[in-house]
Amino acid sequence: MRRLAWIVGVLVLVGVSGCFGPAMPPIAGFTSCPNGWQGKLEVQFSSTSSTVGNHWIVLYTWEFGDGEISEDYSGWVNHVYAEEGIYTVRLTVKDNRGLTATSERSIDVVYPAVLSEIAVQAGSPSRAVGYVENGSATLLRSVTIKVKFYDADGTRIGEGYAEVTDIDPGERVRFTVEGPSYPDVSASARATVTVYVVECAGNAPVPVYEDRADST
């Protein structure tokens with residue numbers, strides 16, 4: 001009788017396995033967007049992963065391609081790169097059944113907003129002029145630029161701001177910031193990007209790296 005029960009049990013298991021097949025694993029995926037929230041070359045990663053009904057993802061393991069690894073439970077993470085370049089990013093997800101899946105792709109990490117040719121124009125008031133270029137493949141909705149003005153002795157004598165909007169990838173836009181009025185004379189100026197908003201990051205502005213270009 002015991003042998004018969006064992007045989008019946010095996011047949012039942014085989015039948016169940018044949019009906020339902022192997023367990024379906026989750027599907028891993030993610031998007032990326034430059035945002036610079038905490039550093040010079042910061043990228044925001046968001047998981048688009050999913051799993052079968054009535055189950056959920058419990059762990060996200062990110063490999064950023066520069067030797068750094070991060071684990072989180074929300075599917076949203078920021079990572080700061082040390083330098084520009086192409087990095088292979090890998091996301092591995094695990095659901096509450098213990099099943100895993102991996103997604104991998106290369107991303108091009110670049111400065112989103114690059115400043116150049118900062119120069120001072122004489123006058124009362126003096127002005128700083130320069131260019132901001134969109135170095136990414138994403139539309140820059142706005143870039144806020146802070147300019148500090150210095151006299152001939154290197155003492156800061158004032159500052160001002162400029163905002164440039166809707167910069168297409170590869171586009172280079174001229175900006176002007178008004179400096180101090182006479183008798184203060186601006187001999188040099190220093191510009192930094194303080195805030196930018198990119199198309200893929202929604203409407204919330206985030207601070208970025210301090211890319212500076214000094215006048216000669």
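The values are calculated or read from the model by the stated rules, or taken from the named source; none is laboratory data. Predicted model, so just to flag it, every value in this text is computed and none were measured. When we count neighbours, we look across all protein chains shown, and the Cβ atoms used for this are built from the backbone with ideal geometry, even at glycine. Areas reflect the complete protein model, heavy atoms only, side chains present, ligands, DNA and RNA absent. Shrake-Rupley method; radii C 1.70, N 1.55, O 1.52, S 1.80 Å.
What number in nm² do you get for the range 60-178 if you take the convex hull of its Cα atoms and divide its surface by four?
Working: hull surface 41.4 nm².
About 10.3 nm², averaged over all directions.
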Inset, instruction - Could you tell me, in Å, what Rg and Dmax come out for the Cα atoms of the range 159-202? - result: 14.1, 45
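If you average the sequence gap of Cα pairs under 8 Å that are 6 or more apart and divide by the length of the range 105-202, what percent do you get for the contact order?
Values: 243 pairs, mean separation 34.3, N = 98.
Taking the mean separation of contacting Cα pairs over the length of the range 105-202, I get 35 percent.
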Inset, instruction - Within the range 46-124, list the GluC sites (Glu not before Pro) lying in a DSSP loop whose Cβ has at most 11 other Cβ atoms in a 10 Å radius. - result: Glu83
Inset, instruction - Read phi for every residue in the range 43-55 and hand back ³J(HN,Hα) as whole Hz from Karplus 6.51 cos²θ - 1.76 cosθ + 1.60, θ = phi - 60°, with x for Gly and Pro. - result: 10, 9, 10, 10, 6, 10, 6, 8, 9, 5, x, 6, 9
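Using a probe radius of 1.4 Å on heavy atoms only, what accessible surface per residue do you get for the range 57-204? Whole Å² is fine. All intermediate terms of the calculation are to be shown ahead of the outcome.
On the way: 7540 Å² over 148 residues.
For the range 57-204, the per-residue accessible area is 51 Å².
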Legend entry - Solvent exposure ordering (accessible area, 1.4 Å, most first) of Ile69, Ile145: Ile69, Ile145
Legend entry - Range of Cα positions in the range 21-74 per principal axis (Å), largest first: 48, 20, 15
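Which order do the peptides 127-138, 178-189 take when ranked by the mean count of other beta-carbon atoms within 10 Å per residue, highest first?
On the way: 127-138: 19.9, 178-189: 16.5.
Listed from highest to lowest mean packing, they are 127-138, 178-189.
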Inset, instruction - Show Trp76, Trp62 ordered by accessible area, largest first, where the area counts protein heavy atoms only and the probe is 1.4 Å. - result: Trp76, Trp62
